1. Near residue 174, within a Cβ-to-Cβ distance under 14 Å, what is the net charge of the other residues, with Lys and Arg +1 and Asp and Glu -1?
2. Hey, what's the per residue convex hull volume over the C-alpha atoms of the chain, in cubic angstrom?
3. If each DSSP helix of 4+ residues adds -39,500 (n - 2.57) and the sum is divided by the residues in the chain, what number results at 222 nm, nearest 500 deg cm²/dmol?
4. With r as the distance between the Cβ atoms of residue 55 and residue 152 and R0 = 41 Å, compute the FRET efficiency 1/(1 + (r/R0)^6) and round to 0.05.
5. Sort 94, 152 by heavy-atom solvent-accessible area, probe 1.4 angstrom, most to least.
6. Using the basic label-point model (7 angstrom from Cα toward the beta carbon), what is the residue 68 to residue 139 distance in nanometres?
7. Would you mind calculating the gained length between residue 82 and residue 212 on full extension (0.36 nm times residue separation, minus the Cα-Cα distance), in nm to one decimal?
8. Going by a ≥ b ≥ c, the root eigenvalues of the Cα gyration tensor, does region 47-157 fall in the rounded group (a/c under 1.5), the prolate group (a/b larger than b/c) or the oblate group?
Amino acid sequence: SNTLVEACFNLSLTEYRILNIAFTELSEFESDKGLIYTREFKIFAQDYARIFHIDESDSYKSLKDASERLFNRYFTYERIYQKPDFIEVVKSRWVQKISYADTQGYIKFQLADDVFSMIGQLKECFTRYRLSKTAHLTSVYAIRFYEMMIQWQSTKVVPFIELSTLRDRLAIEKHEYPRIYDFKNRVLDPAIKQINEHTDIIINYEQHKKGRVVTGFSFKFKQKVEPKKIESKRD
(Lines give C-alpha, C1' and ligand atoms only; values in the text may rest on other atoms or scores of the structure.)
Protein backbone atom coordinates (compact mmCIF):
# COMPACT_ATOMS: atom_id res chain seq x y z
CA SER A 1 0.00 0.00 0.00
CA ASN A 2 1.06 3.62 -0.35
CA THR A 3 1.25 3.74 3.45
CA LEU A 4 4.06 1.21 3.19
CA VAL A 5 5.73 3.13 0.35
CA GLU A 6 5.72 6.24 2.56
CA ALA A 7 6.79 4.39 5.72
CA CYS A 8 10.20 4.90 7.33
CA PHE A 9 12.50 1.91 7.48
CA ASN A 10 16.07 0.70 7.11
CA LEU A 11 16.67 -2.53 5.20
CA SER A 12 19.62 -4.00 3.34
CA LEU A 13 19.27 -4.71 -0.36
CA THR A 14 18.87 -8.45 0.19
CA GLU A 15 16.31 -7.96 2.97
CA TYR A 16 14.19 -5.69 0.80
CA ARG A 17 14.44 -8.05 -2.16
CA ILE A 18 13.27 -10.95 0.02
CA LEU A 19 10.20 -8.99 1.10
CA ASN A 20 9.46 -7.84 -2.43
CA ILE A 21 9.33 -11.42 -3.66
CA ALA A 22 6.56 -12.05 -1.13
CA PHE A 23 4.84 -8.76 -2.05
CA THR A 24 4.88 -9.72 -5.72
CA GLU A 25 3.29 -13.06 -4.99
CA LEU A 26 0.56 -11.46 -2.87
CA SER A 27 -0.13 -8.70 -5.39
CA GLU A 28 -1.72 -11.30 -7.67
CA PHE A 29 -4.74 -11.22 -5.35
CA GLU A 30 -7.39 -8.56 -5.96
CA SER A 31 -8.28 -8.30 -2.28
CA ASP A 32 -7.20 -9.76 1.01
CA LYS A 33 -10.14 -12.14 0.91
CA GLY A 34 -8.93 -15.67 1.18
CA LEU A 35 -5.37 -14.76 2.10
CA ILE A 36 -4.09 -16.93 4.93
CA TYR A 37 -2.32 -14.87 7.56
CA THR A 38 -0.28 -17.87 8.66
CA ARG A 39 1.03 -18.37 5.14
CA GLU A 40 4.78 -19.01 4.87
CA PHE A 41 6.89 -17.87 1.94
CA LYS A 42 9.80 -20.01 0.78
CA ILE A 43 12.64 -18.60 -1.31
CA PHE A 44 15.27 -20.90 -2.82
CA ALA A 45 18.78 -19.60 -3.39
CA GLN A 46 18.74 -20.66 -7.06
CA ASP A 47 15.51 -18.73 -7.69
CA TYR A 48 16.86 -15.65 -5.92
CA ALA A 49 20.00 -15.79 -8.05
CA ARG A 50 17.95 -16.09 -11.25
CA ILE A 51 15.58 -13.22 -10.42
CA PHE A 52 18.29 -10.75 -9.42
CA HIS A 53 21.01 -11.86 -11.85
CA ILE A 54 23.63 -12.81 -9.27
CA ASP A 55 25.92 -15.81 -8.80
CA GLU A 56 24.14 -18.75 -7.22
CA SER A 57 27.14 -19.57 -5.02
CA ASP A 58 26.70 -16.22 -3.23
CA SER A 59 22.92 -16.32 -3.22
CA TYR A 60 22.26 -18.62 -0.27
CA LYS A 61 24.82 -16.95 2.00
CA SER A 62 23.14 -13.60 1.25
CA LEU A 63 19.72 -15.09 2.02
CA LYS A 64 20.88 -16.74 5.23
CA ASP A 65 22.65 -13.59 6.51
CA ALA A 66 19.62 -11.45 5.66
CA SER A 67 17.27 -13.83 7.45
CA GLU A 68 19.33 -13.44 10.63
CA ARG A 69 18.78 -9.66 10.55
CA LEU A 70 15.30 -9.45 9.10
CA PHE A 71 13.60 -10.85 12.20
CA ASN A 72 14.65 -7.77 14.19
CA ARG A 73 13.83 -5.19 11.52
CA TYR A 74 10.81 -2.90 11.86
CA PHE A 75 9.16 -0.01 10.02
CA THR A 76 7.32 3.10 11.21
CA TYR A 77 4.13 4.46 9.70
CA GLU A 78 1.29 6.84 10.54
CA ARG A 79 -2.24 5.65 11.24
CA ILE A 80 -4.77 8.45 10.71
CA TYR A 81 -8.01 8.60 12.68
CA GLN A 82 -10.89 10.75 11.42
CA LYS A 83 -13.04 11.02 14.54
CA PRO A 84 -11.53 12.45 16.62
CA ASP A 85 -8.91 13.77 14.23
CA PHE A 86 -5.44 12.58 15.29
CA ILE A 87 -2.42 10.63 14.06
CA GLU A 88 -0.97 7.55 15.71
CA VAL A 89 2.66 6.62 15.02
CA VAL A 90 2.98 2.85 14.73
CA LYS A 91 6.05 0.60 14.74
CA SER A 92 5.67 -2.89 13.28
CA ARG A 93 7.95 -5.81 12.53
CA TRP A 94 8.19 -7.09 8.96
CA VAL A 95 8.06 -10.80 9.81
CA GLN A 96 6.57 -12.88 12.60
CA LYS A 97 9.06 -15.69 12.14
CA ILE A 98 11.81 -16.70 9.75
CA SER A 99 13.90 -19.84 9.25
CA TYR A 100 16.49 -21.31 6.94
CA ALA A 101 17.53 -24.80 5.83
CA ASP A 102 21.21 -25.30 5.04
CA THR A 103 20.83 -28.62 3.25
CA GLN A 104 17.88 -27.51 1.11
CA GLY A 105 19.16 -24.03 0.25
CA TYR A 106 16.13 -21.97 1.14
CA ILE A 107 14.75 -19.52 3.68
CA LYS A 108 11.13 -19.48 4.86
CA PHE A 109 9.23 -16.70 6.60
CA GLN A 110 5.83 -15.45 7.70
CA LEU A 111 4.86 -11.80 7.34
CA ALA A 112 3.66 -9.73 10.28
CA ASP A 113 -0.07 -8.97 10.38
CA ASP A 114 0.36 -5.24 9.62
CA VAL A 115 2.42 -5.99 6.51
CA PHE A 116 -0.03 -8.64 5.36
CA SER A 117 -2.93 -6.20 5.71
CA MET A 118 -1.15 -3.50 3.71
CA ILE A 119 -0.19 -5.83 0.89
CA GLY A 120 -3.73 -7.18 0.73
CA GLN A 121 -5.32 -3.76 0.22
CA LEU A 122 -5.03 -3.61 -3.55
CA LYS A 123 -8.17 -1.79 -4.63
CA GLU A 124 -7.41 1.65 -3.17
CA CYS A 125 -4.23 3.61 -2.46
CA PHE A 126 -1.93 0.97 -3.83
CA THR A 127 1.19 1.12 -5.97
CA ARG A 128 1.64 -1.81 -8.34
CA TYR A 129 4.74 -2.66 -10.36
CA ARG A 130 6.50 -5.77 -11.58
CA LEU A 131 9.49 -7.08 -9.65
CA SER A 132 11.45 -7.29 -12.89
CA LYS A 133 11.43 -3.50 -13.13
CA THR A 134 13.74 -3.17 -10.11
CA ALA A 135 15.65 -6.47 -10.39
CA HIS A 136 18.77 -4.74 -11.76
CA LEU A 137 18.84 -2.04 -9.07
CA THR A 138 21.60 -2.61 -6.51
CA SER A 139 20.74 0.24 -4.14
CA VAL A 140 17.87 0.26 -1.66
CA TYR A 141 17.73 4.02 -2.14
CA ALA A 142 17.12 3.47 -5.86
CA ILE A 143 14.33 0.95 -5.21
CA ARG A 144 12.70 3.30 -2.69
CA PHE A 145 12.83 6.24 -5.11
CA TYR A 146 11.41 4.07 -7.89
CA GLU A 147 8.46 3.13 -5.67
CA MET A 148 7.87 6.77 -4.75
CA MET A 149 7.77 7.65 -8.45
CA ILE A 150 5.41 4.84 -9.49
CA GLN A 151 3.07 5.91 -6.71
CA TRP A 152 2.32 8.89 -9.01
CA GLN A 153 2.07 6.85 -12.21
CA SER A 154 -1.11 8.60 -13.38
CA THR A 155 0.38 12.14 -13.36
CA LYS A 156 4.11 11.35 -13.52
CA VAL A 157 4.66 14.34 -11.27
CA VAL A 158 5.70 13.83 -7.64
CA PRO A 159 4.78 16.89 -5.54
CA PHE A 160 7.21 18.62 -3.22
CA ILE A 161 8.70 16.34 -0.58
CA GLU A 162 10.46 17.96 2.33
CA LEU A 163 14.10 17.00 2.73
CA SER A 164 13.48 15.90 6.32
CA THR A 165 10.62 13.63 5.20
CA LEU A 166 12.75 12.13 2.46
CA ARG A 167 15.59 11.44 4.88
CA ASP A 168 13.15 9.78 7.32
CA ARG A 169 11.70 7.52 4.64
CA LEU A 170 15.19 6.45 3.62
CA ALA A 171 16.22 5.92 7.28
CA ILE A 172 19.14 8.35 6.95
CA GLU A 173 20.37 9.37 10.40
CA LYS A 174 21.03 13.01 11.31
CA HIS A 175 24.79 12.49 11.30
CA GLU A 176 24.71 10.89 7.83
CA TYR A 177 25.18 13.20 4.85
CA PRO A 178 24.29 16.38 6.81
CA ARG A 179 25.33 18.65 3.92
CA ILE A 180 22.99 18.80 0.95
CA TYR A 181 25.99 18.26 -1.34
CA ASP A 182 26.72 14.94 0.35
CA PHE A 183 23.04 13.89 0.31
CA LYS A 184 22.80 14.53 -3.42
CA ASN A 185 26.21 13.06 -4.22
CA ARG A 186 25.85 9.88 -2.12
CA VAL A 187 22.10 9.21 -2.10
CA LEU A 188 19.90 11.11 -4.54
CA ASP A 189 22.00 11.35 -7.72
CA PRO A 190 23.32 7.74 -7.70
CA ALA A 191 19.78 6.43 -7.10
CA ILE A 192 18.33 8.47 -9.96
CA LYS A 193 21.20 7.42 -12.24
CA GLN A 194 20.54 3.72 -11.53
CA ILE A 195 16.81 4.12 -12.14
CA ASN A 196 17.36 5.98 -15.41
CA GLU A 197 19.81 3.33 -16.65
CA HIS A 198 18.14 0.12 -15.48
CA THR A 199 14.36 0.61 -15.25
CA ASP A 200 11.48 1.59 -17.49
CA ILE A 201 11.36 5.27 -16.42
CA ILE A 202 13.55 8.38 -16.60
CA ILE A 203 13.47 10.82 -13.66
CA ASN A 204 14.31 14.50 -13.39
CA TYR A 205 14.15 16.45 -10.15
CA GLU A 206 14.06 20.05 -8.98
CA GLN A 207 15.39 21.25 -5.66
CA HIS A 208 13.47 23.87 -3.70
CA LYS A 209 15.08 26.48 -1.49
CA LYS A 210 14.12 28.82 1.30
CA GLY A 211 16.73 31.51 0.96
CA ARG A 212 19.95 29.60 0.37
CA VAL A 213 18.83 26.45 2.18
CA VAL A 214 17.47 23.46 0.23
CA THR A 215 14.17 22.46 1.85
CA GLY A 216 13.08 19.62 -0.42
CA PHE A 217 12.59 18.22 -3.90
CA SER A 218 9.91 17.63 -6.51
CA PHE A 219 10.19 15.03 -9.27
CA LYS A 220 8.96 14.39 -12.79
CA PHE A 221 9.37 11.17 -14.72
CA LYS A 222 8.43 9.64 -18.05
CA GLN A 223 8.22 6.15 -19.47
CA LYS A 224 11.02 5.03 -21.71
CA VAL A 225 10.08 4.45 -25.31
CA GLU A 226 10.39 0.76 -26.07
CA PRO A 227 12.21 0.06 -29.34
CA LYS A 228 9.95 -1.11 -32.12
CA LYS A 229 10.30 -4.70 -33.15
CA ILE A 230 11.49 -5.07 -36.73
CA GLU A 231 9.87 -7.96 -38.50
CA SER A 232 12.12 -9.68 -41.00
CA LYS A 233 10.61 -10.78 -44.29
CA ARG A 234 11.82 -13.80 -46.17
CA ASP A 235 11.30 -14.67 -49.84
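The values are calculated or read from the model by the stated rules, or taken from the named source; none is laboratory data. Note that the structure is predicted; figures quoted are calculated from it, not measured. Cβ sites come from the backbone with ideal geometry, for glycine too, and all protein chains shown count toward neighbours. The area values use the complete protein model at the heavy-atom level, side chains included, leaving out ligands, DNA and RNA. Shrake-Rupley method; radii C 1.70, N 1.55, O 1.52, S 1.80 Å.
1. Details: positive: 167, 179; negative: 168, 173, 176, 182.
Its environment carries a net charge of -2.
2. On the way: hull volume 45.8 nm³, N = 235.
Roughly 195 Å³ of hull volume per residue.
3. The per-residue figure over the chain is -9500 deg cm²/dmol.
4. Working: r = 36 Å, r/R0 = 0.87.
For residue 152 and residue 55, the calculated efficiency is 0.70.
5. Numbers: 94 0, 152 95 Å².
From most exposed to least exposed: 152, 94.
6. Distance between label points: 2.8 nm.
7. Working: separation 130, 0.36 × 130 = 46.80 nm, distance 3.78 nm.
Using 0.36 nm per residue and subtracting the Cα-Cα distance, I get 43.0 nm.
8. Details: a/c = 2.57, a/b = 1.43, b/c = 1.80.
Oblate, since a/c reaches 1.5 and b/c is not below a/b.
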